[in-house]
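S.K.: Starting off with a structure, shown below.
The values are calculated or read from the model by the stated rules, or taken from the named source; none is laboratory data. Since this is a predicted model, take the numbers as computed values, not measurements. So basically every Cβ, Gly included, is an ideal-geometry build from the backbone, and we count neighbours across all protein chains shown.
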Amino acid sequence: MSARVALYWAPELDDPLHALGSAWLGRDAETGATLPQPTVPGLDLNEITAEARGYGLHATLKAPFRFSAPYAEVRDAAMALAARTRPFALPPLAPVNLGGFIALRETEPSTALNAFADACVGELDRFRLPPTEAEYARRRPERLTPRQRELLDRWGYHYVFDEWLFHVTLSRRVGDAERELLLAAIDAHFGAVLARPRFVRALCLFTQAAPGAPFLVAERLPLLG
């Protein structure tokens, strides 16, 4: 019961964002391989990306959860959702300061993207085991807004539905000086790749074998609607 599964967006393997983003974090979640990271003068990029590296390059659609049914049943439900979802365009991405973290965010709203995340949360929730006391405490419920607390209690995660934001985390929380250096390094490392057109064509299942283990891409389920 300690394994977890998550529903994520991740760039396609032939998208340069996959290789560049994996190198930035220092690990390829598709293969599990450790990768050399770019050098950022004045910063320890390995330390700054340590937590994000464990989760792999992704944007959360449904946060990691322990599941109550065999993995095959979770996978079948995710596949059914993917099968009736039509591929859609993902707006260009850009690095932003998100509550002190540096993350890639879409540069314009996407109704299709929000609807996809909402469906992932709602339709797979029947497989989610309730959080343990420790898992619940890690969400720091005392610091949440009333709406976020309501979502946490109902869905096991507080950044869902109207509180959800698409984001691809690239750092821990950083200070102002670190942020400026990181943003310049991200611009140099990713170049024009972030702004190129891309489509969401798959729902990615990431799995974690045990607490503290790195997340790996288990399956990429094609959107067939």
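S.K.: Residues being in contact with a helix residue (DSSP H, G or I) (Cβ under 6 Å, 6 or more places away or on another chain) and of a type in the set (D, E): count how many of those fall in region 20-76.
M.R.: Residues in region 20-76 being in contact with a helix residue (DSSP H, G or I) (Cβ under 6 Å, 6 or more places away or on another chain) and of a type in the set (D, E): 1 in total.
S.K.: Further question: Identify the residue in region 75-93 that is in a strand (DSSP E or B) and in contact with an Asp or Glu (Cβ under 8 Å, 6 or more places away or on another chain) and, among all such residues, is nearest to D125 (Cα to Cα). Please lay out each step first, then the result.
M.R.: Filtering region 75-93 for residues in a strand (DSSP E or B) gives 88-90, 93.
Narrowing further to those that are in contact with an Asp or Glu (Cβ under 8 Å, 6 or more places away or on another chain): 90, 93.
Values: L90: 25, L93: 28 Å.
Per the criteria, the residue is L90.
S.K.: Scan region 107-150 for residues that are in a helix (DSSP H, G or I) and of a type in the set (D, E) and jot them down. Full working, then the answer.
M.R.: Narrowing region 107-150 to residues in a helix (DSSP H, G or I): 111-127, 133-138, 141-143, 146-150.
Across region 107-150, the qualifying residues are D118, E123, D125, E133, E135, E142, E150.
S.K.: So which residues in region 46-79 are without any contact (Cβ under 8 Å) to a residue 40 or more places away in the chain and aliphatic (A, V, I, L, M)?
M.R.: A72
For every residue, the table says whether it meets (1) under 26 Å from A23 (Cα atoms); (2) polar (S, T, N, Q).
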| position | (1), (2) |
| --- | --- |
| P36 | yes, no |
| G56 | yes, no |
| F65 | no, no |
| T85 | no, yes |
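S.K.: Does G54 satisfy the condition of being farther than 19 Å from P95 by Cβ, modelled with pLDDT of 95 or more and out of contact with any His (no Cβ under 7 Å at 6 or more places or on another chain)? It would help to see each step written out before you state the result.
M.R.: Details: farther than 19 Å from P95 by Cβ: yes; modelled with pLDDT of 95 or more: yes; out of contact with any His (no Cβ under 7 Å at 6 or more places or on another chain): yes.
Answer is yes for this residue.
S.K.: Quick one: would you say A218 is buried (at least 19 other Cβ atoms within 10 Å of the Cβ), in contact (Cβ under 8 Å) with a residue 40 or more places away in the chain and either hydrophobic (A, V, I, L, M, F, W, C) or not in a helix (DSSP H, G or I) (or both)? It would help to see each step written out before you state the result.
M.R.: Numbers: buried (at least 19 other Cβ atoms within 10 Å of the Cβ): no; in contact (Cβ under 8 Å) with a residue 40 or more places away in the chain: yes; either hydrophobic (A, V, I, L, M, F, W, C) or not in a helix (DSSP H, G or I) (or both): yes.
Answer is no for this residue.
S.K.: For region 124-181: of the residues being polar (S, T, N, Q) and touching a residue at least 24 places away in the same chain (Cβ under 8 Å), which is surrounded by the fewest Cβ atoms within 10 Å (Cβ to Cβ)? First the steps, then the outcome.
M.R.: Taking region 124-181 first, the residues polar (S, T, N, Q) are 132, 145, 148, 169, 171.
Filter again for touching a residue at least 24 places away in the same chain (Cβ under 8 Å), leaving 169, 171.
On the way: T169: 20, S171: 27.
Applying the filter and picking the extreme gives T169.
S.K.: Would you please name the residue that is surrounded by the fewest Cβ atoms within 10 Å (Cβ to Cβ), looking only at residues in region 182-197 that are under 17 Å from P41 (Cα atoms) and of a type outside the set (V, I, T)?
M.R.: This residue is A188.
S.K.: If you take the residues of region 1-27 that are hydroxyl-bearing (S, T, Y) and surrounded by 18 or more Cβ atoms within 10 Å (Cβ to Cβ), which of them is nearest to the chain's Cα centre (by Cα)? Reasoning before the result, please.
M.R.: Quick first cut of region 1-27, residues hydroxyl-bearing (S, T, Y) only: 2, 8, 22.
Next cut, surrounded by 18 or more Cβ atoms within 10 Å (Cβ to Cβ) only: 8, 22.
On the way: Y8: 5, S22: 13 Å.
Among those that are hydroxyl-bearing (S, T, Y) and surrounded by 18 or more Cβ atoms within 10 Å (Cβ to Cβ), it is Y8.
S.K.: Let me ask something else about it. What tally of residues in region 30-74 results from selecting those that are under 19 Å from the mean Cα position of the chain (by Cα), assigned to a loop (DSSP other than H, G, I, E, B) and more than 18 Å from A185 (Cβ to Cβ)?
M.R.: Going through region 30-74 one residue at a time, the tally reaches 6.
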